[in-house]
1. Tell me what chain A gives for mean residue ellipticity at 222 nm when only DSSP H runs of n ≥ 4 count, each as -39,500 (n - 2.57), the sum divided by the residue total, rounded to 500 deg cm²/dmol.
2. For residue B:10, place a label point 7 Å out from Cα along the Cα→Cβ vector, do the same in each other copy, and report the separations in nm, one decimal, smallest first.
3. What order, most packed first, do the peptides A:72-79, A:135-142, A:22-29 have when packing is the mean number of other Cβ atoms within 10 Å of each residue?
4. To make sure I understand, if each residue's beta carbon is the centre and we count other beta carbons within 10 Å, what order do B:55, B:108 fall in, fewest to most?
5. Rounded to the nearest 10 degrees, what's the angle between the helix A:174-189 long axis and the longest principal axis of chain A, both from Cα atoms, 0 to 90?
6. Compute the long axis of helix B:148-160 from its Cα atoms, compare it with the longest principal axis of the Cα atoms of chain B, and write down the angle in degrees, 0 to 90, nearest 10.
7. Put a point 7 Å out from Cα along the line to Cβ at residue B:165; what are the distances to that point in the other copies, in nm, shortest first?
8. Can you give the angle from 0 to 90° between the axis of helix A:50-68 and the longest principal axis of chain A, with both taken from C-alpha atoms, to the nearest 10?
DNA sequence: CGCTTCACCTAACAAGCGTTAGTTTTAGTG
DNA sequence: CACTAAAACTAACGCTTGTTAGGTGAAGCG
């Protein structure tokens with residue numbers, strides 16, 4: 001048995017970095033242990049299994065997204081404004097938790113069947129938030145009559161993939177990425193030839 | 001030594017399906033062999049190594065994209081028309097070679113360092129084609145003055161991720177996906193308040 | 001028929017995997 | 001100082017990994 005949360009947090013941190021860089025199956029528990037200057041078996045004083053570590057990392061990312069972004073969908077604001085805030089919050093999470101987000105998007109397939117199902121339902125719920133806001137915008141006349149499901153998928157594809165190319169010390173800040181994407185996406189959803197505010 | 005291309009093609013096919021579903025490291029050579037009703041070691045009469053199989057699959061996908069989409073960037077057409085054709089061709093490749101595309105996008109990290117570098121440069125070249133077309137469109141006044149790099153990344157993110165959710169027997173055809181995305185993306189790039197053709 | 005070539009087999013290899021049991025070291029507390 | 005509990009160690013377990021060596025049966029061909 002063990003109870004030092006500090007050590008366990010270190011394990012999640014190191015594992016997140018390694019899972020993110022090499023992938024879950026290409027990372028051994030001995031690799032994780034080596035970075036903490038302990039033996040592979042010693043990890044099991046703090047964790048129950050390698051998969052539990054993956055699960056914890058993925059669930060932390062999931063609750064960042066669901067806790068930080070989904071509620072915005074219910075704000076009492078115009079749809080375009082809600083969408084803007086959601087994109088910004090999402091990009092902020094991806095860029096500030098780059099390793100965890102990478103593991104979340106890339107390695108969920110290696111969870112057990114039941115856990116994979118949970119992640120799938122979380123992803124569906126999240127996607128539904130974006131779809132709902134877009135549908136709201138269409139109904140309110142803010143957006144064109146596009147396929148809301150397709151538009152939500154495109155939006156999420158764009159902001160998810162940020163983890164694949166974003167470099168914290170690169171030329172673009174998280175804010176700049178969010179602003180650029182928001183502009184392109186919302187403009188894409190808006191009416192083209194009928195001027196909005198003259 | 002071996003020379004039957006038929007068997008080798010079967011290996012690429014089975015490996016592509018398995019790498020796509022379970023990932024490279026979670027698929028053993030014995031898994032691949034089992035689907036062909038032969039023993040694991042027998043594969044090595046037709047292939048040199050497991051990594052070579054991954055390399056072949058990835059290179060086939062890469063030349064589909066580079067050979068089928070990149071040339072469109074140089075057509076003598078308006079930028080918006082070229083972009084439309086490129087998106088359509090790309091989506092068509094992803095949906096018609098779903099397994100290979102999935103492996104290409106997901107498993108390139110497990111190639112050797114030199115091979116990974118080659119893939120990276122192919123990806124860069126591909127990305128540059130999209131950026132170029134968008135820059136052309138801005139210069140020609142077809143598109144707004146957006147960040148072309150960001151717009152190219154968003155476009156590619158959207159069309160790449162199609163492999164993650166597209167179901168061949170789902171409600172949407174490849175064409176419908178391409179059309180929907182083209183509409184959203186090109187409208188996003190176009191001027192919002194200044195009507196295009198009066 | 002004799003010979004070669006191919007595609008497969010069996011069996012093994014060295015290495016690595018996740019995980020466990022039992023033991024020792026370390027740190028904190030009365 | 002004695003006692004406890006946490007956190008590390010060593011050593012092994014059974015299993016899987018990619019890959020190789022050597023052998024076998026069938027097909028093709030002079």
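1. -21500 deg cm²/dmol
2. 5.3
3. Per-residue mean Cβ counts within 10 Å order the peptides as A:22-29, A:135-142, A:72-79.
4. Values: B:55 18, B:108 21.
Lowest count first: B:55, B:108.
5. Tilt of helix A:174-189: around 40 degrees.
6. Roughly 50 degrees between the two axes.
7. Here the equivalent label points are 2.0 nm apart from this one.
8. 30
Each reported figure results from applying straightforward, stated rules to the coordinates on display, with no laboratory input. Quick caveat: nothing in here was measured; it's all calculated off a predicted structure. Neighbour counts run over all protein chains shown; Cβ positions are idealised from the backbone, glycine included.
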